[in-house]
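Since the structure comes first, as structure tokens, the remarks are kept for the end.
The values are calculated or read from the model by the stated rules, or taken from the named source; none is laboratory data. Here the structure is a predicted model, which means the values were calculated and not measured. When we count neighbours, we look across all protein chains shown, and the Cβ atoms used for this are built from the backbone with ideal geometry, even at glycine.
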Amino acid sequence: MPPELPDPSARPEPAAASRRLVLAGGAGLTAASLLPLGAGAAHADPATRRGRARVVGEKRLDARTLDLTIDSPALGTTATVRLLLPPGWTPGRRRTWPVLYLLHGAWDDYTSWTRSTDVAALTEGTGLLVVMPEAGRAGFYSDWWNGGAGGAPRWETFHLGEVRHLLEHGYGAGRARAVAGLSMGGFGAVSYAARHPRMFRAAASFSGVAHPPYTGPHEPSPYDGPRFVSMILESNGFDPSALWGDPVEQAEVWAAHSPVDLAARLARVPVVVSSGNGQPGPLDAPGTPADRDVEPLCELMSQTLVTRLRQEGADLTARLYGPGTHTWPYWERELHAAFPLLVDAVGATRA
């Protein structure tokens, strides 16, 4: 069993537009090769280590929706977290609620789940505090390697250290947590659950980039994992090597974040893995072209994760559903399908 990783705090859109907005972007390394949290976090600059995150703005959008602006030393800037509040919610620590983290995909932001799904209606009356944090257009839910120097952006520290601490001390977040995400956020959900085995009671990946080191065979997609991740980073103006380094020279850094390489840790919690194959399916409009790159690759990576989790004897729900593109109608459906498991895992009330 690999060593435990430390706690860092010690309206659906058209198919083509949706694909552009939320695209996400090996196995066999020994446990000794796995790096601790953030691969470079030990080199974080002193100002980041000394600073403390704080809420610098609150915006109530409606009775249940509250946006928090957080000044984050881990990021070196501010970022927003959207909350869907449970019935009877009040700020502070006198009462706590179970938490569901929902993670967004690449080229998107913290508004995506409420913008493109019925998550507000789905969670109404459940007693869940739903947390939808900003994760950058290509942040990959990681503390970036930055040539081995570490430092900002430190998305993993922001989410699981700073945001979690602020929510637990001022916004009623309890210790019963589940996490789910789509595409890049699907990677984030299962990577976070694997890297922090006692933090989440369930995890779900929808069309997730479930194994970033994946190198094939990768037909019919033109991508493999490293090329896909690099494409996402480059298209958002980032140096691809800044995230986890070179996929060969820094293979241990890539493996330290890959849910497939960390599958033994995921065996401790219920996990949902779902993906389509890119062919037009029942939720696509007539005439929708096949997705020949992103969803097929996500399916291949998801299949790899499913195989490894089965080998580990995990509590796995696999929904490799065949026809379906990399678009919101499928992720909304998959959230509905996974929702009873997520709710039950954290002890929330079903609406």
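When PRO197 is tested against (1) closer than 24 Å to ARG319 by Cα; (2) surrounded by 24 or more Cβ atoms within 10 Å (Cβ to Cβ), exactly one condition is not met: (2).
Pairing residues of region 255-276 that are farther than 23 Å from TYR321 by Cα with residues that are acidic (Asp, Glu) and part of a loop (DSSP other than H, G, I, E, B), at Cβ distances under 6 Å and at least 6 apart in sequence or on separate chains, gives ALA255/ASP261; ALA264/GLU312. The number of residues in region 221-250 that are assigned to a loop (DSSP other than H, G, I, E, B) and either surrounded by fewer than 15 Cβ atoms within 10 Å (Cβ to Cβ) or at pLDDT 95 or above (or both) comes to 12. The C-beta contact set for region 328-339 (first residue surrounded by fewer than 23 Cβ atoms within 10 Å (Cβ to Cβ), second residue modelled with pLDDT of 95 or more and not in a helix (DSSP H, G or I), distance under 8 angstrom, 6+ apart or interchain) comprises PRO329/LEU283; PRO329/ASP284; GLU332/THR117; GLU332/ASP118; ARG333/LEU283; ALA337/VAL272; ALA337/SER274; ALA337/ARG319. Here region 282-315 is the region considered, the condition is being in contact with a Gly (Cβ under 7 Å, 6 or more places away or on another chain) and buried (at least 20 other Cβ atoms within 10 Å of the Cβ), and the residue that is farthest from PRO259 (Cα to Cα) is ASP291.
Conditions (1) part of a loop (DSSP other than H, G, I, E, B); (2) under 14 Å from the mean Cα position of the chain (by Cα); (3) closer than 27 Å to GLU295 by Cα; (4) modelled with pLDDT under 95, marked per residue:
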| position | (1), (2), (3), (4) |
| --- | --- |
| GLY105 | yes, yes, yes, no |
| ARG115 | no, no, yes, no |
| VAL131 | no, yes, yes, no |
| ALA135 | yes, yes, yes, no |
| ALA138 | yes, yes, yes, no |
| TYR141 | yes, yes, yes, no |
| GLY150 | yes, no, no, no |
| PHE158 | no, yes, no, no |
| GLU162 | no, no, no, no |
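With respect to ARG64, determine if the residue is touching a Pro at 6+ places or on another chain (Cβ under 9 Å), modelled with pLDDT under 95 and of a type in the set (Lys, Arg). The answer is no for ARG64. Of all residue pairs spaced 6 or more apart or on separate chains, those with beta-carbon atoms under 8 Å, a first member in region 78-105 that is within 20 Å of GLY125 (Cα to Cα) and among the basic types (Lys, Arg) and a second member that is at pLDDT 95 or above and assigned to a loop (DSSP other than H, G, I, E, B) are ARG82/TYR110; ARG82/THR111. Quick check: anything in region 40-54 at pLDDT 50 or above, touching a strand residue (DSSP E or B) at 6+ places or on another chain (Cβ under 7 Å) and assigned to a loop (DSSP other than H, G, I, E, B)? Yes - at least one qualifying residue is present in region 40-54.
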